[in-house]
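Enquirer: Shown below is the structure under consideration.
Taken together, the values in this text are just the output of simple stated rules run on the coordinates, not laboratory data. All figures in this text were calculated on a predicted structure; none of them were measured in a lab. Neighbour counts run over all protein chains shown; Cβ positions are idealised from the backbone, glycine included.
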Amino acid sequence: MAKLELSHVGYVYNPGTEFSSVALEDVSVSFEEHAVTGIIGHTGSGKSTLLQLLNGLLKPTTGQVLLDGQDIHETVKAKLAREMEKAEAEGLRISKRQKKKEIRTELDELRKTLCFRVGLVMQYPEYQLFEETVRKDIAFGPKNMGLSEEEINARIAKVAGIVGLTERHLNKSPFDLSGGQKRRAAIAGVLAMEPEVLVLDEPAAGLDPSGRTSIFQSILEYRKETNATVLIVSHSMEDMAAYCDRVLVMNRGRVFMQGSCRDVFEQSGELEKTGLDVPQVTHLIDLLRSSGIDLPQGIFTVDDAVSAIASRLREGGCS
Amino acid sequence: MKSISLGRYYAADSVIHRLDPRGKIVLTILFIVSTFLAKNVISFALLILFVAALSLLSRVPLSLILRSLRGVTVVIIFAALINLFLTNIDQATFLVEFGEWNGRMYGITVEGLIRSGCMVLRIICLIIGTTLLLTYTMTPIELTDGISNLLHPLMKIHIPVDLFAMMMSIALRFIPTLSEDAERIMNAQKSRGTNFSDGGLIRKARALIPILIPLFVSSFKRGEELAVAMECRCYHSGDDRTRMEVLKWHVRDTLFFLLLIALGAGIVLINIFFAWIPYFTVL
Amino acid sequence: MSETPLLRVENLKFKYQNTGGKGSDREVLHGLSFTVERGEYVAMLGHNGSGKSTLAKLCMMILDPTEGHIFVDGVDIADPELTDAQVLAVRKKVGMVFQNPDNQMVATMAEEEVAFGPENLGIPSAEIRQRVDEALKAVGMSEYAKKEPSRLSGGQKQRIAIAGILAMHPDCIFFDESTSMLDPQGRKDVMEIIDRLNREDGVTIIHITHDMNEAARAKRVMVLHEGNFVMDGTPEEVFAQPEKLDACRLTVPQCTQVMYRLKALGFEIGDRVTTPEDCAEAIRSLLGSGEVRHG
């Protein structure tokens, strides 16, 4: 079953005013459990709006956002009607008042815990740091969840390990850290809430190559440890190809393409039409293919490219 | 989202838009004085005529002009009611009598109606006239430029008018940026479970700390980087800076100026020569 | 005729003074010496904290060197005796475009923003107008002249920032990670402008970056690591040493990786290639030289 699903979602900013602008239109996507999905698209393609819909920061104008099959904005009345109908169909007799109470507690709980279950790491998250020490800052989310001191400390130790912060870092002021360390501390603050779905908006933006790698490795490690579903927005096709299982391409507020990396990068021509890039190796293979060299389509990693070209060269008697 | 536009400048190419900002600032002051001088029906007619002409010439759509009144509806209603019921004139002609209290008759009088009507007109003219002159047809930067130009003589007595103007301009430039920052930080903290709506005043105030600290930090960082960038672009205070757009005084500016002087003078003259028309002083 | 180099750095050292009292001063540049000639296109690579931005700030006289000299067009800018007029003259020659487009804009209108530099230089109004129009045209932003910067995209803001520097008619422009906060389209636009400025107008470019594909577009790549230059050469020369770059916490473009790996597999192929086009060409010619032809 899909962990998180958008069903015919539309979003309009400032509806009914002269500033109104459509950010999303009829978006239906499902994010499979445990998968790492990359989201790509231009600025203004609706990516950022999409992310804010996922943890309830924004409420869709039309359509539904479903977490584990439950519409996160469903009203008590709607859910009650649905459940009553279901019960009737099954021939069960239940107390409407009792059910209503149950549903109300259930939906309240859902809304309260939503931002902990769907953890959102915004762009340049280091700008959210505010506590005296990194440790306290990481504890901010878990504290809001109402966890015990012991549990919080255990979680801090765990996430610090995942993002590669040492005890010494934890006791420092977040403002004394380097740029890359700040970023990791901020991400740790979200990881410590142990979200089932981890959503990251350009987690590696502005970092150098080794900084990028370490951020992505932390994310993958978190997923391995918790089995979380991960969504990453990135502009780097190379990163997408390296770290994601699936890719969702947004264009002008609509879903342009979705599928496995291979499915998406196979259609490099289509991607380029919307002004998006493909990984450099994919471009290289395209160039070679267009000059008549027989190579498979949909290559997007250096490893695959090297082995495909090598076998082609060997056939050609070049070794 | 990005709907915050300070001053709500309405971009159009009209005579009013092209007027010299310095002139417009002085004109606005003259206009405000004129509205307060207007005391009888004829001078109000003159005032309305002027505002109507201003609106037409500015090419700002009527809906937008009327919207500028939305913010002061309460004030208008309040002024109207006060004047309607509390107009205290001997031998007033009562239309409706509410009753006597403390030896005075209260009710709706003809005089009260007229006075309240004039008061409403005065406020409407005042708001429309000033917003047209100062905000709809003048960008904040023109306003800053105009003020700093008018105050330029103060440089002689070592008041750094140019620095204040630069500060104003930068403040205006950073309002949208900082409001975006605030929104982004708020969203980030909401995503970490901060609740801004529940709890009492103290809890709400505490919930602001995670917003305010990052906002200060990022503002300082922006300020620092901006200072470096300005220095790299040879910024230095002093008199040898030039401007791309030099304010020029045109014939049209003089004409408008004369027109407003005429309006003010007209109103004063009407007050003197038509003194027999019922006189409506403000409370 | 030997021309004065535009930028000559001699034994440049820089320490951040530790003001807190605890710990020692941190030296970030350990005696750099290099020369950049007029019209060069240099990419400076280095990981976060390698000292790249410090170097740029030293060249812009935002920081003062602890030791050593920096000559801009023959003038020693480390000289504390420099008059204000001389400082302005140097800053007029060397412009800098920063990383965050939002933090370098002062005006509420694009063309006012571009006019800011020339206004500071005390240039007559009519000429400023002309320079602003030219600069906006050069970055393809003429139609946005009257727009507020906050209504522009990151890439557009950065183009306005470049125009603001161009309007000062500099000889040399530093780009301090100017593309790192932009989306792909913004990067593409800015990179095209950088290339063109060097190619067509002969502006000396020093592009500080950690994007390998962008660095590959320069004519010279210098790698800064822990406060020293560890590599200096054409992109082809530098990227042919992926292990060395890896040690500097950098990578090489994917195509160079492909070539390098093919070579390691024993194919007779050059590794001095940085673009997909050259890479494809090399593979094609290798296939062509084989016994069997395809296509």
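Enquirer: If the label point is 7 Å along Cα→Cβ of C:K13, which residues in region C:45-69 have backbone nitrogen under 15 Å from it?
Expert: Residues C:65-69 qualify, since their backbone N sits under 15 Å from the label point.
Enquirer: Place a point 7 Å from the Cα of B:R243 along the Cα-to-Cβ direction; which residues of region C:79-116 have their backbone N under 20 Å from it?
Expert: Counting only backbone N, you get C:106-116.
Enquirer: Here's a follow-up. Relative to the longest principal axis of chain C, what angle (0 to 90°, nearest 10) does the C-alpha long axis of helix C:254-264 take?
Expert: The helix C:254-264 is inclined about 30 degrees to chain C.
Enquirer: In addition: Collect residues whose amide H, placed 1.01 Å from N in the peptide plane, falls under 5 Å from the amide H of A:A23; neighbours closer than 5 in sequence don't count.
Expert: Close amide H contacts, sequence-distant or interchain: A:Y11, A:V12, A:Y13.
Enquirer: Follow-up. For each pair in A:K3/A:K112; A:K3/A:K143; A:K47/C:K146; B:K221/C:K147, compute the distance between the two Cα atoms and list the pairs where it is over 22 Å.
Expert: Numbers: A:K3/A:K112 18 Å; A:K3/A:K143 26 Å; A:K47/C:K146 29 Å; B:K221/C:K147 25 Å.
Beyond 22 Å: A:K3/A:K143; A:K47/C:K146; B:K221/C:K147.
Enquirer: Distance from the Cα centre of region C:229-268 to that of region C:86-104, in angstrom?
Expert: Cα centroid of region C:229-268 versus Cα centroid of region C:86-104: 33 Å apart.
Enquirer: Taking each residue in A:116-122, count the Cβ atoms of any other chain within 10 Å of its Cβ, then average. What number comes out?
Expert: Per-residue shielding by partner chains comes out at 3.
Enquirer: Now a separate question. If you plug each phi of region A:204-211 into the Karplus form 6.51 cos²θ - 1.76 cosθ + 1.60 with θ = phi - 60°, what whole-Hz ³J(HN,Hα) values come out, in order, with x for Gly and Pro?
Expert: 10, 4, x, 8, 7, x, 6, x
Enquirer: Still on this structure: If I take the Cα coordinates of chain B and project them onto the principal axes, what are the three extents in Å, biggest first?
Expert: 72, 59, 39
Enquirer: Compute the Cα gyration tensor for the protein assembly as shown, then decide on rounded, prolate or oblate, letting a ≥ b ≥ c be the square roots of its eigenvalues: rounded whenever a/c is under 1.5, prolate when a/b is larger than b/c in the other cases, and oblate in all that remain.
Expert: Details: a/c = 2.15, a/b = 1.37, b/c = 1.57.
Oblate, because a/c is 1.5 or more while a/b does not exceed b/c.
Enquirer: Can you give the angle from 0 to 90° between the axis of helix C:154-166 and the longest principal axis of chain C, with both taken from C-alpha atoms, to the nearest 10?
Expert: Long axis of C:154-166 versus the principal axis of chain C: about 60 degrees.
Enquirer: Length gain on complete extension for the stretch B:I29 to B:A227, per 0.36 nm per residue less the alpha carbon to alpha carbon distance? Present the calculation step by step, with values, prior to reporting the outcome.
Expert: Working: separation 198, 0.36 × 198 = 71.28 nm, distance 3.55 nm.
Here the segment from B:I29 to B:A227 would lengthen by 67.7 nm.
Enquirer: Could you work out, residue by residue across A:283-294, how many beta carbons of other chains sit within 10 Å of that residue's beta carbon, and then give the average as an integer? List each step's numbers first, then the result.
Expert: Values: counts 7, 11, 3, 2, 8, 8, 2, 1, 7, 5, 6, 2.
Averaged over the peptide's residues, the number is 5.
Enquirer: Kindly rank C:234-242, B:220-228 from highest to lowest mean number of other beta carbons found within 10 Å of each residue. List each step's numbers first, then the result.
Expert: Numbers: C:234-242: 20.4, B:220-228: 14.7.
With the highest mean Cβ count within 10 Å placed first, the list reads C:234-242, B:220-228.
Enquirer: Oh, and also: How large is ³J(HN,Hα), in whole Hz, for each residue of region C:200-207 in order, when computed from phi with the Karplus curve 6.51 cos²θ - 1.76 cosθ + 1.60 and θ = phi - 60°, using x for Gly and Pro?
Expert: Once θ is set to phi - 60°, the couplings for region C:200-207 become 8, 9, x, 6, 6, 10, 10, 9 Hz.
Enquirer: Can you spot the aspartates and glutamates whose alpha carbon is less than 16 Å from A:K172's alpha carbon? Ignore those fewer than 8 places along the same chain.
Expert: Filter leaves A:E126, A:E131, A:E132, A:D137.
Enquirer: Using the Karplus curve 6.51 cos²θ - 1.76 cosθ + 1.60 with θ = phi - 60°, what ³J(HN,Hα) values do you get for each residue of region B:45-54, in whole Hz, with x for Gly and Pro?
Expert: Result, ordered by residue: 4, 4, 4, 4, 4, 4, 5, 4, 4, 4 Hz.
Enquirer: On to the next question. With chain A treated as a Gaussian network of Cα nodes joined by springs under 10 Å, which of A:V36, A:V22, A:V278 yields the largest mean-square fluctuation?
Expert: Among A:V36, A:V22, A:V278, the largest mean-square fluctuation in the Gaussian network model of chain A belongs to A:V22.
Enquirer: How crowded by other chains is C:96-104, given as the mean number of beta carbons from other chains within 10 Å of each beta carbon?
Expert: Values: counts 5, 2, 5, 2, 7, 0, 10, 12, 8.
Mean shielding count: 6.
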